[in-house]
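Please read the structure below before turning to the comments.
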Amino acid sequence: MAKIQANCTWEISAVPFIPVGHLVRDHLQNLVDSGISGIQLSWTVGGYPSPNLDIAKEYYYSQAAQGDEVLERVAARRYGSKAVAQTLQAWKDFSTAFLEFPYGVAIYTIPTQHGPANPLRLKETGYANAMILFPYDDVARWVGAYPPEVAQSQFAKMAALWKKGLESFGKVLELVPANRIKETRRDFGIAETCYLHFQSVANQIQFWLLRKELSGTGANKRSIAAKMEAIAREEIELAKRQFRIARADSRIAFEAANHYYYRPLDLAEKVLNCEEVIAGLKQIG
């Protein structure tokens, strides 16, 4: 038997599932091809009913269809026959993006669970990160075996590719039947949460790198402060977008063992945090 997780795990556990249908399909097919006859499915993370579990179910009792037929069947059941092609394109885009996840980062402490809810710190806190709920600004430990610049680049690349998938999924919203639009909007919110968290992690690492540069001797402090200010302003926009999603869907940022990583008001506090950071940066130079 194989112990697998089809919805999500600690790469980002703030969502009930990661919409990477092609990767789920490929994983199940690889298990079949390897002669695996049974699975132990899920743990506290990602046990919520989802398209991913629906894809996995196609393999539970008999040999599933080959190619994209499994994905097409699941997409039609969830979003309607007219939206199948756009759904598969979105899942493919998300799957391509997620392949860029930098495995080897400290997944229990890097703030992919918190995303834009994690505050920016203009001055180093000195706190060591702690399991899952307390990333602080301990970037040196977040990145694990990676140089910080490489981890930042990978999260930025993944976010950019994920954004393409959001554009594809946005077209699904135009094609679903009326009785499925509510659930489809919630699914879009899950996909958008992934993007906002990945982009925010890239921002936070870049902010930390600039903060280190700012503290160096002979640095062009005003230029560096301007770059940090731009990141803080982007974090405000990410937090506002995530606030609307979290308000509309109580599944966001919840995990059974840890409860809520953040609540909507934590995102409102992030906006105030960034405004304070911006005010401090304007005094530099």
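Throughout, read-outs are computed from the coordinates displayed, never taken from laboratory work. Model, not experiment: these values are computed from the prediction. With ideal geometry, Cβ positions are generated from the backbone for all residues, glycine too; neighbour counts draw on all protein chains shown.
Screening the range 1-114 for helices (runs of 4 or more DSSP H) wholly inside it with 1 or more residues that are farther than 21 Å from Leu175 by Cα and touching a residue at least 60 places away in the same chain (Cβ under 8 Å) returns the ranges 21-33, 84-98.
Inspect the range 35-54 for any residue being of a type outside the set (Phe, Trp, Tyr), touching a Gly at 6+ places or on another chain (Cβ under 8 Å) and buried (at least 19 other Cβ atoms within 10 Å of the Cβ) and give the result as yes or no. Checking the range 35-54: at least one residue is of a type outside the set (Phe, Trp, Tyr), touching a Gly at 6+ places or on another chain (Cβ under 8 Å) and buried (at least 19 other Cβ atoms within 10 Å of the Cβ).
In the range 75-128, which residue that is surrounded by fewer than 20 Cβ atoms within 10 Å (Cβ to Cβ) and of a type in the set (Val, Ile, Thr) is farthest from Gly21 (Cα to Cα)? Filtering first and then ranking leaves Thr125. Inspect the range 211-229 for any residue being within 23 Å of Val105 (Cβ to Cβ), surrounded by fewer than 22 Cβ atoms within 10 Å (Cβ to Cβ), in contact with a helix residue (DSSP H, G or I) (Cβ under 8 Å, 6 or more places away or on another chain) and in contact (Cβ under 8 Å) with a residue 60 or more places away in the chain and give the result as yes or no. Scanning the range 211-229, I find at least one residue that is within 23 Å of Val105 (Cβ to Cβ), surrounded by fewer than 22 Cβ atoms within 10 Å (Cβ to Cβ), in contact with a helix residue (DSSP H, G or I) (Cβ under 8 Å, 6 or more places away or on another chain) and in contact (Cβ under 8 Å) with a residue 60 or more places away in the chain, so the answer is yes.
Applying the condition of being buried (at least 23 other Cβ atoms within 10 Å of the Cβ) and in contact with an Asp or Glu (Cβ under 9 Å, 6 or more places away or on another chain) to the range 22-33 and asking which residue is farthest from Ile55 (Cα to Cα) yields Leu28.
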